[in-house]
Amino acid sequence: MTVRPLRDRRYVVETDGGTYVVTLDAGTCTCPDHAIRGSRCKHLRRVAMEVTAGSVPAPDQRVGVCAVCGAETFVPFDASGAQLCDRHAFEPGAVVRDRETGKRLVVVAVTTERADTYRTEEGRAIADYPTNADYGAHEPVVEAVYAESIRPGRSVADCDRYGFPASRLSRVL
Ligand SMILES: [Zn+2]
Ligand SMILES: [Zn+2]
């Protein structure tokens, strides 16, 4: 039995006995077994199992491609713009290191805007800065503040935010 996600949140299940379409949210399958007994057929169970195992996206997800490593990753169904896999994404609040300067920063937000379209206050695209030449122009921009700018009595929201191509920042463990 093989399971493939369709583009409309349903799944195709191919078996030796036939090919069926499963709608996980509604708990329906197009197989005769389901039509006759209205029971949870083996196709429904198989799709649910593969979603749990992470081998196919959940109904509210779709397959996307990480802008840093090119690996397939599950992203929200309606996600648009540049995406990152779990290995290359950052959580807001994560402490990271800038590969160019070695400075520490705190991540504020991971955008889905590409480095070649995201503009700084100067009106220049992030990707056009010479220090970003070694990082992908198609990568999403990560907004961060310098750790040294965070002081007692000053919240992260009051610090100047800077945008970086995702792979220019590395996680600090
Ligand atoms: Zn079925
Ligand atoms: Zn990746």
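Overview of values
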item	result
Pairs with Cβ under 6 Å, 6+ apart, first in the range 107-127 and touching a residue at least 12 places away in the same chain (Cβ under 8 Å), second of a type in the set (Ser, Thr, Tyr) and part of a loop (DSSP other than H, G, I, E, B)	ILE126/TYR118
Tally of residues being part of a strand (DSSP E or B), more than 19 Å from ARG171 (Cβ to Cβ) and in contact with a helix residue (DSSP H, G or I) (Cβ under 8 Å, 6 or more places away or on another chain) across the range 105-149	2
Restricting the range 27-65 to residues that are assigned to a strand (DSSP E or B) and within 16 Å of ligand 1 (Cβ to nearest atom), the residue that is surrounded by the most Cβ atoms within 10 Å (Cβ to Cβ)	CYS29
Filter result (over 26 Å from GLY64 (Cα atoms) and either buried (at least 17 other Cβ atoms within 10 Å of the Cβ) or more than 11 Å from ligand 1 (Cβ to nearest atom) (or both)) within the range 6-26	ASP16
Exclusive hit being among the β-branched types (Val, Ile, Thr), within 13 Å of ligand 2 (Cβ to nearest atom) and not assigned by TED's automatic domain parsing to the domain that holds MET49, set VAL145, VAL75, VAL106, VAL156	VAL75
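The values are calculated or read from the model by the stated rules, or taken from the named source; none is laboratory data. Only a predicted model underlies this, so the values are computations on that prediction, with no experimental measurement involved. No Cβ is skipped: glycine too gets one built from the backbone with ideal geometry, and neighbour counts run over all protein chains shown.
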